[in-house]
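No value in this document is a laboratory result; all are computed from the given coordinates. Keep in mind that this is a model prediction, so the values were computed, not measured. Cβ atoms come from the backbone with ideal geometry, glycine included; neighbour counts cover every protein chain shown.
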Amino acid sequence: MTGPPEETHDVVLHVNGAAHAVTVPGRRLLSDALRHDCGLTGTHVGCEHGVCGACTVLVDGRPVRSCLVLAVSAQDAEITTVEGLAASDGSLSPVQQAFSDCHGLQCGFCTPGFLTTITAGLRDNPDPTEDEAREMVAGNLCRCTGYQNIVKAVMEAARS
Amino acid sequence: MKPAPFRYRRPASLEEALTLLAGEPGAKVLAGGQSLVPLLNMRLASPETLVDLGGVPGLDTISVDEGGVRVGAMVRHADLLADAAVGAAQPLIPLALSHVAHATIRNLGTTVGSIVHADAAAEMPAVLCLLGGSVEATSVRGTRTVPASQLYAGPLESTLAADEVATSAWFPALGAGEGVGFAEIARRHGDYAMVGVAAHVAPDAVRLGYLSVDDTPTVVDVTGREPEAAEVALAHLDPADDIHATADYRAHLVRVLTGRVLAAAKEMARDRTA
């Protein structure tokens, strides 16, 4: 390939309380910037067009698809990835503990997106009905569990 | 599944954004990105320049008065849905917004962006058309108000010029004695609807809006013909086969949902008359 080098942008991403100064082209997706430029490979990349939910992270506390955000446009935001959910001593968050206790994961590929989505979902609705728990995770795909144990984990995390 | 290269520009004012768009015919406006970024990732769109409105102040305001609801270009679906004053002024807005994609998408996706993206399967273009709302479009050449009835040229094609920014959309308020209803059928809540129907019942007019049935949002006036409303509507619609539903099934859903939303809208109209 020839042609002029691609224009890049110097961006500071604020992830899990730490500042990451990165240099990225405009087209760098936030999901790729987190994984490649920040080294935070807990965020998983599935479909890359906003359908599967595996890459969900929290931007200013709200769950968003990191594959549908350009890294350059996220420079003013506070980003929380799955690595930012556990306590600083490594103990699991209530949602992570509930996934472990309820067998809410099998292969684990989709799990980071579920954990971030449910963390924000329970903050907004701490006492969901089972229907609300199901709707909370309706935008995330899991090909292993059949969702039953994920819904159980949401209810269990809400109790704890 | 990575976008083709583009120049990224993040103007700090609307004037700067309009100047950029005027100077670059291959530029595209980026708002919430929940429709555009998937198209970039799949390389169905490869604009030379993206003009991100995220840094432009003043575009994220919602204003409500007795006339209606004005929604700025950067207002996210989630914030519009959560605004109680919006729902009180025009109940069809939250009724339909709760069906717009999944909550995660609504957190970034903008209502005005969805309206000008002009997807015939989207809820808010049909709502804007049914209510007789409008979009304010601004360019270096000036500002104009585009009625919803003149906004859609075809599938994924609005009548806005490439250098225009839709700075806001306006939805009329619901009047006394009027009612609205909304229903759609999707395989999973939050997925694209196979058919969606909105109804607006006023003392002197009954109108229906359809999404995901035809190439553009379609509004049908059924005043005085409510008993055969679905058949009247189907005479204006051309349901198509795709992988999600057959044309026959879509026509069936038009019949079923039309009855449901008309009944709901009439009940609301009765409640608002008393």
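What is the packing order of peptides A:49-57, A:10-18, taking the mean over residues of other C-beta atoms within 10 Å and listing the highest first? Show your work: numbers first, answer last.
Details: A:49-57: 24.6, A:10-18: 15.8.
Averaged packing, sorted descending, gives the order A:49-57, A:10-18.
Within 10 Å of each Cβ in peptide A:27-37, how many partner chain Cβ atoms are there on average? Round it to a whole number, please.
On the way: counts 12, 3, 6, 1, 0, 1, 0, 0, 0, 0, 0.
Taking the mean over all residues of the peptide, I get 2.
Viscosity 0.692 mPa s, temperature 37 °C: give me the Stokes-Einstein translational D for chain A in µm²/s, with Rh taken as the Kirkwood radius over C-alpha pairs. Write out the running numbers ahead of the final one.
On the way: Rh = 16.2 Å.
My calculation gives 203 µm²/s for D.
For Cα pairs less than 8 Å apart in space and 6+ apart in sequence, what is the mean separation divided by the residue count of region A:87-160, i.e. the relative contact order in percent?
Numbers: 70 pairs, mean separation 35.9, N = 74.
The value is 49 percent.
How about residue B:266: which aspartates and glutamates have a C-alpha closer than 12 Å to its C-alpha, ignoring those fewer than 8 places off in the same chain?
The qualifying aspartates and glutamates are B:178, B:226.
Equivalent-ellipsoid semi-axes (√(5λ), Cα gyration tensor) for the protein assembly as shown, whole Å, largest first? Write down the numbers at each step before the final one.
Values: eigenvalues 261, 163, 75 Å².
Output for the protein assembly as shown: semi-axes of 36, 29, 19 Å.
Going by average Cβ neighbours within 10 Å, how do the peptides B:70-77, A:69-76, B:120-127 rank, with the highest at the top?
Values: B:70-77: 24.1, A:69-76: 22.5, B:120-127: 26.2.
Ranking the peptides B:70-77, A:69-76, B:120-127 by packing returns B:120-127, B:70-77, A:69-76.
With the crude spin-label approximation of a point 7 Å out along Cα→Cβ, what separation in nm comes out for residue B:271 versus residue A:12?
5.1 nm
Within 10 Å of each Cβ of B:96-105, how many other protein chain Cβ atoms are there on average?
On the way: counts 0, 0, 0, 0, 0, 2, 12, 10, 16, 8.
Neighbouring Cβ atoms belonging to other protein chains average 5 per residue here.
For residue B:28, which lysines qualify as cross-link partners when the Cα separation must be under 25 Å and same-chain residues fewer than eight apart are set aside?
B:2
Going by amide H atoms built from the backbone, whose H comes under 5 Å of the H on residue B:218, apart from near neighbours?
Excluding prolines and chain starts, which carry no amide H, the hits are B:210.
What does the structure give for B:37-43 when I average, per residue, the other chain Cβ atoms found within 10 Å of the residue Cβ?
Numbers: counts 12, 8, 1, 5, 8, 2, 0.
So the per-residue partner count for this stretch is 5.
Over what distance in Å are the Cα centres of region A:87-160 and region B:84-160 separated?
A separation of 33 Å, based on Cα centres.
For a protection proxy built on the mean count of beta-carbon atoms within 10 angstrom, sort B:218-229, B:193-204 highest first, please. Intermediate values should be presented prior to the final figure.
Details: B:218-229: 16.1, B:193-204: 22.7.
Going by the mean number of other Cβ atoms within 10 Å, highest first, we get B:193-204, B:218-229.
May I ask you to derive the relative contact order of region B:7-55, considering only C-alpha pairs under 8 Å and at least 6 residues apart, and to give it as an integer percent?
Working: 60 pairs, mean separation 28.1, N = 49.
Computed value for region B:7-55: 57 percent relative contact order.
Along the charge dipole of region B:179-273, Cβ charges K/R +1 and D/E -1, which of B:264, B:254, B:218 sits furthest on the positive end?
Highest projection toward the positive end goes to B:264.
Which whole-Hz ³J(HN,Hα) couplings does region B:216-231 yield from phi under the Karplus relation 6.51 cos²θ - 1.76 cosθ + 1.60, θ = phi - 60°, glycine and proline marked x?
Each residue's phi maps through the Karplus curve to give 9, x, 10, 10, 10, 8, 10, 3, x, 10, 4, x, 10, 4, 5, 5 Hz.
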